[in-house]
Amino acid sequence: MALVSFVPVTEEHRDLLRRWLAAPHARAWWDDPQTELDGIYDNAAEHKPFIALLNDDAVAYVQSWRPTNHPDYPWQHGMDAGTRGIDITIGEAGNLNRGIGTLILKHFAAKLFAEGASRLVIDPDMRNERAIACYMKAGFTPYDSYEQDGGTSLLMELLPQDFDYGFGYRS
């Protein structure tokens, strides 16, 4: 059985994150690695960055953030203060297409709901079919789309009452 856990990002993770964010599969969907690192290590930012561990091995970067703190994004208007946005990237390309992202998202969703989140949202690029499939397997459902500079984002959500904690148990 796989054990999933999350550790807060520290300075010790900087080189690991730089390598992950520079990988072609991450570069396709994330900004310049240095720009992303600057955001991850911005102590004034409201996001919560984590390294996801699978059986004690670092396998992914995942963060939560508050959409209500970003009024410059029109698609986030009207969300309640309990809504959390999620971003994720798998670290090594060899871990893609193995169900790891879905597993991590399910555990991260359980963590955020246990901490009081009322809704989880994620906004993959419509061209990122692998991510969309992963998010749907984790329980997210599309609710809208949003046109932006680089293309179209599919807006997806997961609500506590729709979240399957396993074995058919829903909150």
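The values are calculated or read from the model by the stated rules, or taken from the named source; none is laboratory data. Here the structure is a predicted model, which means the values were calculated and not measured. Virtual Cβ from ideal backbone geometry, glycine too; neighbours counted across all protein chains shown.
Given the structure, is Trp30 touching a residue at least 24 places away in the same chain (Cβ under 8 Å), buried (at least 17 other Cβ atoms within 10 Å of the Cβ), closer than 24 Å to Thr152 by Cα and touching an Asp or Glu at 6+ places or on another chain (Cβ under 8 Å)? Spelling it out, Trp30 is indeed touching a residue at least 24 places away in the same chain (Cβ under 8 Å), buried (at least 17 other Cβ atoms within 10 Å of the Cβ), closer than 24 Å to Thr152 by Cα and touching an Asp or Glu at 6+ places or on another chain (Cβ under 8 Å). Residues that are part of a helix (DSSP H, G or I), in contact with a strand residue (DSSP E or B) (Cβ under 6 Å, 6 or more places away or on another chain) and polar (S, T, N, Q) within region 82-113 comprise just one, Asn95. Among the residues making up region 52-73, those that are under 19 Å from His107 (Cα atoms) and within 15 Å of the chain's Cα centre (by Cα) are Ala52, Leu53, Val59, Ala60, Tyr61, Val62, Gln63, Ser64, Trp65, Arg66. Taken over region 64-86, the criterion of being touching a His at 6+ places or on another chain (Cβ under 8 Å) and either within 21 Å of Leu3 (Cβ to Cβ) or among the acidic types (Asp, Glu) (or both) is satisfied by Ser64 alone. Here region 1-57 is the region considered, the condition is being at pLDDT below 90 and of a type in the set (Asp, Glu), and the residue that is nearest to Asn128 (Cα to Cα) is Asp31.
Listed residues Thr83, Thr89, Thr102; which is of a type in the set (Ser, Thr, Tyr), at pLDDT 85 or above and more than 12 Å from the chain's Cα centre (by Cα)? Before you say what the answer is, go through the steps one by one.
Numbers: Thr89 fails: more than 12 Å from the chain's Cα centre (by Cα); Thr102 fails: more than 12 Å from the chain's Cα centre (by Cα).
Thr83 is the lone residue from the list that is of a type in the set (Ser, Thr, Tyr), at pLDDT 85 or above and more than 12 Å from the chain's Cα centre (by Cα).
Scanning region 105-137 for residues that are within 10 Å of the chain's Cα centre (by Cα) and within 20 Å of Ala81 (Cβ to Cβ) turns up Phe108, Ala109, Leu120, Val121, Ile122, Asp123. Within region 112-133, the set of residues being surrounded by 16 or more Cβ atoms within 10 Å (Cβ to Cβ) and farther than 20 Å from Gly151 by Cα comprises Leu112, Phe113, Ala117, Arg119, Leu120.
Restricting the first member to region 10-25 and to residues that are in contact (Cβ under 8 Å) with a residue 60 or more places away in the chain, and the second to residues that are assigned to a helix (DSSP H, G or I) and among the basic types (Lys, Arg), the beta-carbon pairs closer than 9 Å and six or more apart or on different chains are Leu21/Arg27; His25/Arg130.
Here region 68-80 is the region considered, the condition is being touching a strand residue (DSSP E or B) at 6+ places or on another chain (Cβ under 9 Å) and modelled with pLDDT under 80, and the residue that is surrounded by the most Cβ atoms within 10 Å (Cβ to Cβ) is Gln76. The requirement of being touching a residue at least 12 places away in the same chain (Cβ under 8 Å), surrounded by 12 or more Cβ atoms within 10 Å (Cβ to Cβ) and more than 22 Å from His13 (Cβ to Cβ) is not satisfied by Trp65. The set of residues in region 142-171 that are in contact with a Phe, Trp or Tyr (Cβ under 8 Å, 6 or more places away or on another chain) and modelled with pLDDT of 80 or more comprises Asp144, Tyr146, Thr152, Ser153, Leu155, Met156, Glu157, Leu158, Pro160, Phe163.
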